[in-house]
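Only one structure is covered here, and it is reproduced in the block below.
The values are calculated or read from the model by the stated rules, or taken from the named source; none is laboratory data. Quick caveat: nothing in here was measured; it's all calculated off a predicted structure. Methodologically, a virtual Cβ is constructed for each residue, glycine included, from the backbone with ideal geometry; neighbour enumeration extends over all protein chains shown. Calculation scope for accessible area: heavy atoms of the full protein, side chains included, ligands and nucleic acids excluded. Shrake-Rupley method; radii C 1.70, N 1.55, O 1.52, S 1.80 Å.
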Amino acid sequence: MNIYRIIRGGFKWIFNPTYRWLLNARYGKYNLMSDQEYLSKMFRLMLNYDINWENPKTFNEKMQWLKLNYQKPEFTTMVDKYGVREYVTSLIGKEHVVPLLGAWDNPNDIDIDTLPDQFVMKTTHGSGDIYICRDKSLFDIDKAKKAMVKSMKENYYYQSREWPYKNVKPRVIAEQYMQHGGERNLRVYKVFNFNGEPKIVQVIQNDKTRDEAIDYFDTDWNRLELRQNYPNSKVIPSKPETLEKIIELSRMCSKGFPFLRTDWYEVNGKVYFSEFTFYSDAGMAKFYPESWDLELGNLIDLPNRTVVEE
């Protein structure tokens, strides 16, 4: 490890309580802490205000309330990147599901010779573990396997207490590599659905790269003055030709949910499903301007408490 990274990490550990909390959480220090206590402490660190558990009003508060009080068995299937494929197929059809190339319980069982020259590999039980192969001759499969073996030992639930991830079976899948025109990185269209109605489209360009930019639009493609974790793009992204289809599919998938984010790709005139998210940014991301936190919170009608007995 680079000595400068170690030094920077040491300074952050000493002077940044949020960094210290998140690192401790990653290594399991708070795993025995109750969900409500954990979320209350993390929320205060991340957002600088306290959760009103009895009368939540903001978007981020309601995300935490939903984690504890709205749990159904199908949620586990919906966040499982392998199990959700059949679920989505039954809702909107197989044509909107990225073709599957393989699935493995153990990353060490992957035989790269059986895969095409380009593919996308991901773990199915968490968030962000994605490995894109654009040229198999240059792809370090051993490095990817090592990272995935490590990831398979983690339970993503403990990071932000997102209940649906708690019982997802860890697996690895490989999917067909998708490319839209000449774009190197697919745009991701993340639709915020409130009580089954699409309201906001979050557009991510250069996802998971140093150049990542995020913009927000209403469903008529009017750009909103809104920012969260990443800067807005310098050039407003063009309206996708499949926007109406993205909105239609989002409405079909989110019916009956107080909040559900439905994520999509546009690929040469077709729409492909990416994933479902019950708690956008784990309900731990600041809004700029802050008024959006309450404005979006007002769009969520909280249901009666529905908790799965474990």
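Given the pairs 190/239; 122/270; 190/270, which are separated by over 19 angstrom at their Cα positions?
Values: 190/239 14 Å; 122/270 22 Å; 190/270 16 Å.
Pairs exceeding 19 Å: 122/270.
Percent of accessible area on the chain owned by carbon and sulfur, 1.4 Å probe? Walk me through the intermediate numbers first.
On the way: 7680 of 16150 Å².
Exposed carbon and sulfur together represent 48 percent of the surface.
In the structure displayed, which of 72/169; 94/143; 29/67 lie more than 28 Å apart, Cα to Cα?
94/143
Provide the FRET efficiency to the nearest 0.05 for the residue 41-residue 137 pair, computing r from the beta carbons and using R0 = 51 Å.
Details: r = 48 Å, r/R0 = 0.94.
The value I calculate is 0.60.
Can you tell me which aspartates and glutamates have their Cα less than 13 Å from the Cα of residue 234? Leave out same-chain residues fewer than eight positions away.
Those aspartates and glutamates meeting the cut-off are 211, 212, 215.
Tell me the per residue accessible area of segment 1-153 using a 1.4 Å probe; a whole number in Å² is fine. Let's see the in-between values first.
Numbers: 8670 Å² over 153 residues.
On a per-residue basis, 57 Å².
Put one equal scatterer on each alpha carbon of segment 57-196, apply the Debye formula with no solvent term, and list log10 I(q)/I(0) at q = 0.13, 0.19, 0.21 1/Å to two decimals.
-0.67, -1.27, -1.41
Can you list the trypsin sites (Lys or Arg not before Pro) in segment 213-264 that are in a DSSP coil and have 13 or fewer other beta carbons within 10 angstrom?
Here the sparse-neighbourhood loop sites are 234, 255.
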